[in-house]
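The values are calculated or read from the model by the stated rules, or taken from the named source; none is laboratory data. A quick note: this is a predicted structure, and the numbers were derived from the prediction, not measured. No Cβ is skipped: glycine too gets one built from the backbone with ideal geometry, and neighbour counts run over all protein chains shown.
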Amino acid sequence: MTNEDFIEALSSAGITLTTQQLRQFERYYELLVATNEHVNLTAITEKKDVYLKHFYDSLTVAMYEQKLKSSESTLIDIGTGAGFPSLPLKIAFPNLKITMVDALKKRVNFLQEVVDMLDLTGVEIVHGRAEDIGQNPKYRENFDYATARAVARTSVLAEYTLPFVKIGGRFLVMKGSAAHQELLDGQKALAMLGGQVNEEFVFTLPNGDQRYIQIVDKKTKTPKKYPRQAGTPSKKPIS
Ligand code: SAM
């Protein structure tokens, strides 16, 4: 996806970026590929692929959860890696307050560099595992939204994300073609942790790849024993 295609595809979805925001995406891209030379951040490095599969794909969630575009919502992004989807969302919608969590220190260091370079405010970067941070009262049930792209299957993600979401908030699931089956397999975990599936959207990226966005509402408190010890959710998903 060229820069022109990026601008046009977003514009047809009602998202208009200023010259300054486009420049921020450009600088983010440049630092991503430069750092990727010595720190493993992403397998996608071709410019047109980064714009499509990282930047545009990250922003699709705001096309289905419109409130992200204009409210001062708080969003926690678990296993954010090189910042996806939360950093593109922050650049496009500066009103959002984001918290980025990742277990790998080198990735967290990269995120801090991007945030400093782009002069972003309303961003917190946390180094650690979702299972540990989810038991910290500072973060627990304190967010309007949680995301986690390309981190684990839905039954596991439920335990990584729902403990952070306030009652009335939402876990926004972003997935590829296995999404529907994963949602079915994750029903029990979602319910156990206080979630209820609200809506599922299926669409294609401009290159034809299929994507799903599933909205899970946080209805009741997550029982205190979740998340379990680090490593347990992925080894023994709730089923
Ligand atoms: N979300 C990014 C994306 O879509 O490009 C990164 C995906 S990367 C495949 C998965 C990331 O999740 C890695 O950076 C890894 O360190 C992080 N991760 C995996 N399990 C985690 C956990 N339990 N707590 C925090 N981070 C985790």
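Scanning segment 192-239 for residues being under 30 Å from residue 49 (Cβ atoms), within 16 Å of the ligand (Cβ to nearest atom) and either surrounded by fewer than 17 Cβ atoms within 10 Å (Cβ to Cβ) or hydroxyl-bearing (Ser, Thr, Tyr) (or both) gives a total of 4.
Going by the structure shown, is residue 160 out of contact with any Cys (no Cβ under 6 Å at 6 or more places or on another chain), of a type in the set (Ser, Thr, Tyr) and either on the phi > 0 side of the Ramachandran plot or surrounded by fewer than 21 Cβ atoms within 10 Å (Cβ to Cβ) (or both)? It is false that residue 160 is out of contact with any Cys (no Cβ under 6 Å at 6 or more places or on another chain), of a type in the set (Ser, Thr, Tyr) and either on the phi > 0 side of the Ramachandran plot or surrounded by fewer than 21 Cβ atoms within 10 Å (Cβ to Cβ) (or both).
In the set 8, 4, 46, which member is under 21 Å from residue 150 (Cα atoms), free of Cβ contacts under 8 Å to residues at least 12 places away in the same chain, away from the ligand (no atom under 11 Å from the Cβ) and more than 17 Å from the chain's Cα centre (by Cα)?
46
Condition check: modelled with pLDDT of 95 or more, part of a loop (DSSP other than H, G, I, E, B) and of a type outside the set (Phe, Trp, Tyr). Does residue 32 satisfy that? It is false that residue 32 is modelled with pLDDT of 95 or more, part of a loop (DSSP other than H, G, I, E, B) and of a type outside the set (Phe, Trp, Tyr).
For residue 165, state whether it is more than 12 Å from the ligand (Cβ to nearest atom), under 18 Å from residue 28 (Cα atoms) and surrounded by 20 or more Cβ atoms within 10 Å (Cβ to Cβ).
no
Scan segment 139-152 for residues that are farther than 15 Å from residue 222 by Cα and away from the ligand (no atom under 15 Å from the Cβ) and the total you get is 0. Residues in segment 89-106 that are within 11 Å of the ligand (Cβ to nearest atom) and surrounded by fewer than 23 Cβ atoms within 10 Å (Cβ to Cβ): 103, 104, 105, 106.
Has segment 65-78 got any residue that is free of Cβ contacts under 8 Å to residues at least 60 places away in the same chain and surrounded by 19 or more Cβ atoms within 10 Å (Cβ to Cβ)? Within segment 65-78 (the criterion being free of Cβ contacts under 8 Å to residues at least 60 places away in the same chain and surrounded by 19 or more Cβ atoms within 10 Å (Cβ to Cβ)), the answer is no, since none of the residues qualifies. Counted as qualifying within segment 63-167 are the strands (runs of 3 or more DSSP E) with 3 or more residues that are of a type in the set (A, V, I, L, M, F, W, C) and closer than 22 Å to residue 50 by Cα, namely 97-102.
In segment 221-235, the residues that are more than 13 Å from residue 129 (Cα to Cα) reach residues that are of a type in the set (Val, Ile, Thr) with C-beta atoms within less than 9 angstrom, at least six apart or across chains, in these pairs: 221/167; 222/165; 226/238.
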